[in-house]
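Before any comments, here is the structure.
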Amino acid sequence: MLTVIPIPAFEDNYIWLLRNERHAAVVDPGDAGPVLDYLARENLALTAILNTHHHGDHTGGNAELLAAYPVPVYGQQRPALTSVSIAIAEGNRVALPELGLSFDVLGFPGHTSDHVGFYGHGMLFCGDTLFSCGCGKLFEGTPAQMTASMQKILALPDDTLLYSAHEYTLENIGFAKRVEPDNEALLQWEQEALGLREKGLPTLPTSLSQEKRTNPFLRFSEPGLIDAVSRHAGRPLSDPVAVFAATRAWRDQY
Ligand code: ZN
Ligand code: FE
């Protein structure tokens, strides 16, 4: 049976590990140590590494994992990221036969220009593109690119589970409440998320339906959010890119 395990790393990263009885694949192993420990403890063989983007907290463990398991590394190739062995782009498919899985590659430029997501079996591994109630900072992409990436996520089925790479949920909810203080779904999610964190549990994966109701970066077509962001920006905004950009700018100053 397939299970997906969060392996905590650093302060707030999750390395997602997909496993059955004998094999495993990891998404964004920023650190090899906790992955190697888990594989040894559970007697699993690593079969693939998937990288959503090149940042060190997502790829820093590649080399050490490859020394122990010479497996394919799927990602977008960058000169600085020599550990990627299979270059991928939107429209490609990543097959993990030992796990009986295959994922479609979605292009998510915005946080970085090489960011991708892996979508299949009702799951989206979205790295630093989308967090619960938040989204990645625009280090390399434009608001227009990131809005298009958000629209690709919005087009997926509502019950898609979103596996983000960071536990930022409570912090993000703090900002989301500034934007939409009367959003009931948001206040309810805050209570649930607080309960999970008190027990030391992850708030992820989240679901797309939940994020549609609570995540300000997916709500650029909601009249209430448009009003709040326009008021904060001091000018009327309407098109999705302008609303998204102003929401992101607000978050960056928050
Ligand atoms: Zn990143
Ligand atoms: Fe990150």
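Which residue is farthest from the chain's Cα centre (by Cα), if the candidates are limited to segment 114-137 and must be part of a loop (DSSP other than H, G, I, E, B) and more than 11 Å from ligand 1 (Cβ to nearest atom)?
Initial filter on segment 114-137 (part of a loop (DSSP other than H, G, I, E, B)): 114-115, 121-122, 128-129, 132-133, 136-137.
Those left that are additionally more than 11 Å from ligand 1 (Cβ to nearest atom): 121-122, 132-133.
Working: His121: 16, Gly122: 14, Ser132: 9, Cys133: 11 Å.
Among those that are part of a loop (DSSP other than H, G, I, E, B) and more than 11 Å from ligand 1 (Cβ to nearest atom), it is His121.
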Report, ordered by the first and then the second residue, all pairs with beta carbons closer than 6 Å, sequence separation of six or more or different chains, a first member in segment 53-72 that is over 20 Å from Tyr14 (Cβ atoms), and a second member that is within 16 Å of ligand 2 (Cβ to nearest atom) and of a type in the set (Asp, Glu).
none
Quick one: His121 ticks every box in (1) without any contact (Cβ under 8 Å) to a residue 12 or more places away in the chain; (2) at positive phi bar one, so which box is it?
(1)
Here is a list of conditions, (1) surrounded by fewer than 24 Cβ atoms within 10 Å (Cβ to Cβ); (2) within 16 Å of ligand 1 (Cβ to nearest atom); (3) within 18 Å of the chain's Cα centre (by Cα), and Arg78 meets all of them except one; can you say which number that is?
(3)
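If you check Thr160, Thr203, Thr147, which single one turns out to be away from ligand 1 (no atom under 16 Å from the Cβ), of a type in the set (S, T, N, Q) and more than 26 Å from Gln253 (Cβ to Cβ)? Lay out the reasoning, then the answer.
Details: Thr203 fails: more than 26 Å from Gln253 (Cβ to Cβ); Thr147 fails: more than 26 Å from Gln253 (Cβ to Cβ).
So the residue among Thr160, Thr203, Thr147 that is away from ligand 1 (no atom under 16 Å from the Cβ), of a type in the set (S, T, N, Q) and more than 26 Å from Gln253 (Cβ to Cβ) is Thr160.
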Only residues that are assigned to a helix (DSSP H, G or I) and either within 19 Å of Ser85 (Cα to Cα) or under 19 Å from the mean Cα position of the chain (by Cα) (or both): list them for segment 16-41, please.
Val35
Consider only pairs whose beta carbons are under 8 Å apart and that are at least six residues apart or on different chains; among these, list those whose first residue lies in segment 100-113 and is within 25 Å of Leu2 (Cα to Cα) and assigned to a loop (DSSP other than H, G, I, E, B) and whose second residue is away from ligand 2 (no atom under 16 Å from the Cβ) and at pLDDT 95 or above.
Gly100/Leu2; Gly100/Asn20
Do the conditions hold for Asn51, that is, is it within 15 Å of ligand 1 (Cβ to nearest atom) and under 21 Å from His121 (Cα atoms)?
yes
Within segment 78-98, track down each residue that is under 14 Å from Ile49 (Cα atoms) and in contact with a His (Cβ under 6 Å, 6 or more places away or on another chain).
Leu81, Glu98
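Using the structure shown, decide if Phe108 is at pLDDT 95 or above, more than 14 Å from Asn51 (Cβ to Cβ) and either crowded, with 24+ Cβ neighbours inside 10 Å or in contact with a Leu (Cβ under 9 Å, 6 or more places away or on another chain) (or both). Talk me through it step by step, then tell me what you get.
Numbers: at pLDDT 95 or above: yes; more than 14 Å from Asn51 (Cβ to Cβ): no; either crowded, with 24+ Cβ neighbours inside 10 Å or in contact with a Leu (Cβ under 9 Å, 6 or more places away or on another chain) (or both): yes.
Spelling it out, it is not the case that Phe108 is at pLDDT 95 or above, more than 14 Å from Asn51 (Cβ to Cβ) and either crowded, with 24+ Cβ neighbours inside 10 Å or in contact with a Leu (Cβ under 9 Å, 6 or more places away or on another chain) (or both).
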Within the set of pairs 6+ apart or on separate chains, which have a first residue in segment 154-183 that is under 15 Å from Leu218 (Cβ atoms) and among the basic types (Lys, Arg), a second that is more than 16 Å from ligand 1 (Cβ to nearest atom) and in a strand (DSSP E or B), and C-beta atoms under 9 Å apart?
none
Out of the residues in segment 42-97 that are more than 30 Å from Glu21 (Cβ to Cβ), aliphatic (A, V, I, L, M) and in a strand (DSSP E or B), state the one that is modelled with the lowest pLDDT.
Leu81
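So which of Asn20, Asn51 is under 21 Å from Ala95 (Cβ atoms) and more than 16 Å from ligand 2 (Cβ to nearest atom)?
On the way: Asn51 fails: more than 16 Å from ligand 2 (Cβ to nearest atom).
After applying the criteria, what remains is Asn20.
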Step by step: first the residues of segment 225-254, then only those that are in a helix (DSSP H, G or I) and among the basic types (Lys, Arg), then the one that is surrounded by the fewest Cβ atoms within 10 Å (Cβ to Cβ). Which residue is that?
Arg231
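The values are calculated or read from the model by the stated rules, or taken from the named source; none is laboratory data. As the structure is a computational prediction, the values presented were derived from the model and not from experiment. Cβ sites come from the backbone with ideal geometry, for glycine too, and all protein chains shown count toward neighbours.
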